[in-house]
Amino acid sequence: MKKFMNSVETMLRESLSGFAQCNRDIVTLDSGYRFVRRRQLAPGKAALISGGGSGHEPLHTGFVGHGMLDAACPGQVFTSPTPDQIVAAAEAVDGGAGLLFIVKNYAGDVMNFSLAAEMCGANADTLVLDDDVAVEGSAQGMGRRGVAGTLVVEKMLGAAAESGSDLAALKRLGTAVAGTTRSMGVALTSCTVPAVGKPTFDIGDNEMEVGVGIHGEPGRRRVAMMRADEIADELIRAIVDDLGARAGSDVLLMVNGFGATPSLELHLMYDATSRQLSGRGLKASRGLVGNYVTSLDMAGCSVTVTLLNDDLTALWDAPVHTAALRWRM
């Protein structure tokens, strides 16, 4: 294993320190390294708080700032943050208009964020995201996993919160956006967790894992490498069939890298998936390509599709200024 680090034990703290220094105009790092929060808080605004295990950067710390999250709690690599971390973050950004915890559907995250919400009282609510269609039956473990669609929900809820939506309205909106967002990914290699020091799973040079999770969880099946158009066809077919998308619909298409896939290949996959959407009568009127919800050093990508209407398009287009996502329209 080759990693830029001094030790496994100090890796997260040192990374958070570097992140906060580089983005000091946007974020502030808690002195105990428990959370990252917006430097400029907005009193009277409902606060959005998320988090999860590290190793998925820039999720979630990279999405703290105007138009997205108010705070993010990073756990150790692939390990949920603790309830006391989450409560500390909530207290730091509570502007008196309520707290919404945005949670990916993993057992540790759901348990710890739910405990934190109880500790915060009636002022807090929780939104659990489960956009991964690779998990075909909800009876499998915790059910569907929360993956790259998390970014879409955080962006749209962030815009709504900036415009003054209250806690109840944000919860309804988040549920609606999650209900029209689906994702699925493929891995070409495993990732290597620093504390373990070896790949999470073995995969042949001519193989790929279809439907892999962002922690290296197994997918639907292991297959021989396919052409990009064949991969795009399988991913889009699974996503669109699950969404029940009607021809003529506008969609947001995101191709997300898992950490080790170059932009050259990610944009090629955007071309391939957008052609698959067009063939089904769907128009990708908005798009995003890049490494946003990663799995350390895994090679591969995921595809996320969100059905759009005028209101959701406006929320996506609304100004955002974070370390990892920023635009003004």
(message) Out of the strands (runs of 3 or more DSSP E) lying entirely within region 174-224, which hold 2 or more residues that are on the phi > 0 side of the Ramachandran plot and free of Cβ contacts under 8 Å to residues at least 40 places away in the same chain?
(response) none
(message) Among (1) under 23 Å from residue 258 (Cα atoms); (2) assigned to a loop (DSSP other than H, G, I, E, B); (3) more than 18 Å from the chain's Cα centre (by Cα), there is one condition residue 96 misses while meeting the rest; what is its number?
(response) (1)
(message) Cβ contacts < 7 Å: first residue touching a residue at least 60 places away in the same chain (Cβ under 8 Å) and over 13 Å from residue 136 (Cβ atoms), restricted to region 232-251; second residue part of a helix (DSSP H, G or I) and small (Gly, Ala, Ser), any location; separation 6+ or different chain. Result?
(response) 232/272
(message) Of everything in region 248-267, what is of a type in the set (A, V, I, L, M) and crowded, with 20+ Cβ neighbours inside 10 Å? Give them in sequence order.
(response) 251, 252, 253, 254, 255
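Name every residue in region 222-231 that is more than 19 Å from residue 136 (Cβ to Cβ) and not charged (D, E, K, R), in order of residue number. Can you show your working first?
If we filter region 222-231 for residues that are more than 19 Å from residue 136 (Cβ to Cβ), which is where we start, we get 224-230.
Of everything in region 222-231, those that are more than 19 Å from residue 136 (Cβ to Cβ) and not charged (D, E, K, R) turn out to be 224, 225, 226, 228.
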(request) Name the one entry in 67, 75, 121, 95 that is crowded, with 17+ Cβ neighbours inside 10 Å, out of contact with any helix residue (DSSP H, G or I) (no Cβ under 7 Å at 6 or more places or on another chain), over 20 Å from residue 243 (Cβ atoms) and not basic (Lys, Arg). (result) 75
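Among the residues in region 136-158, are any part of a strand (DSSP E or B), buried (at least 20 other Cβ atoms within 10 Å of the Cβ) and touching a Leu at 6+ places or on another chain (Cβ under 8 Å)? Spell out the reasoning first.
Taking region 136-158 first, the residues part of a strand (DSSP E or B) are none.
The answer is no, given that none of the residues of region 136-158 is part of a strand (DSSP E or B), buried (at least 20 other Cβ atoms within 10 Å of the Cβ) and touching a Leu at 6+ places or on another chain (Cβ under 8 Å).
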(message) Can you find a residue that is closer than 22 Å to residue 145 by Cα, out of contact with any His (no Cβ under 7 Å at 6 or more places or on another chain) and among the charged types (D, E, K, R) anywhere in region 208-219?
(response) yes
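Before we move on, is residue 225 open to solvent by 60 Å² or more (accessible area, probe 1.4 Å), modelled with pLDDT of 95 or more and of a type in the set (A, V, I, L, M)? Even if it seems obvious, please write down each step before you answer.
Numbers: open to solvent by 60 Å² or more (accessible area, probe 1.4 Å): yes; modelled with pLDDT of 95 or more: yes; of a type in the set (A, V, I, L, M): yes.
For residue 225, the condition - open to solvent by 60 Å² or more (accessible area, probe 1.4 Å), modelled with pLDDT of 95 or more and of a type in the set (A, V, I, L, M) - is met.
Yes/no matrix, rows are residues, columns are (1) within 25 Å of residue 54 (Cα to Cα); (2) outside any strand (DSSP E or B):
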{"residue": "247", "(1), (2)": "no, yes"}
{"residue": "256", "(1), (2)": "yes, no"}
{"residue": "266", "(1), (2)": "yes, yes"}
{"residue": "284", "(1), (2)": "no, no"}
{"residue": "294", "(1), (2)": "yes, yes"}
{"residue": "304", "(1), (2)": "yes, no"}
{"residue": "324", "(1), (2)": "yes, yes"}
(request) Have a look at 75, 65, 55 and point out the one that is in contact with a Phe, Trp or Tyr (Cβ under 6 Å, 6 or more places away or on another chain) and at pLDDT 95 or above. (result) 55
(message) Which of the strands (runs of 3 or more DSSP E) found entirely inside region 1-74 contain at least 3 residues meeting this: closer than 19 Å to residue 325 by Cβ and free of Cβ contacts under 8 Å to residues at least 60 places away in the same chain?
(response) 36-38, 47-54
(request) From 109, 130, grab the single residue that is open to solvent by 30 Å² or more (accessible area, probe 1.4 Å) and modelled with pLDDT of 95 or more. (result) 130
(request) Of all residues in region 160-175, count the ones that are crowded, with 22+ Cβ neighbours inside 10 Å and either in contact with a Pro (Cβ under 8 Å, 6 or more places away or on another chain) or charged (D, E, K, R) (or both). (result) 0
(request) Could you tell me which numbered condition residue 23 fails, if it satisfies all but one of (1) under 20 Å from residue 296 (Cβ atoms); (2) in contact with a helix residue (DSSP H, G or I) (Cβ under 9 Å, 6 or more places away or on another chain)? (result) (1)
(message) Given the condition within 15 Å of residue 63 (Cβ to Cβ) and either open to solvent by less than 60 Å² (accessible area, probe 1.4 Å) or among the basic types (Lys, Arg) (or both), answer yes or no: does some residue in region 4-18 qualify?
(response) yes
(request) Could you tell me whether residue 155 is among the basic types (Lys, Arg) and touching a Phe, Trp or Tyr at 6+ places or on another chain (Cβ under 7 Å)? (result) yes
(request) Specify the residue that is nearest to the chain's Cα centre (by Cα); the eligible residues are those in region 282-324 that are open to solvent by less than 20 Å² (accessible area, probe 1.4 Å), within 26 Å of residue 193 (Cβ to Cβ) and not hydroxyl-bearing (Ser, Thr, Tyr). (result) 293
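The values are calculated or read from the model by the stated rules, or taken from the named source; none is laboratory data. In this text, all values refer to a predicted model and were calculated from it rather than measured experimentally. Here Cβ is always computed from backbone atoms with ideal geometry, including for glycine, and neighbour counts include all displayed protein chains. Surface areas here come from the heavy atoms of the whole protein model, side chains and all, with no ligands, DNA or RNA. Shrake-Rupley method; radii C 1.70, N 1.55, O 1.52, S 1.80 Å.
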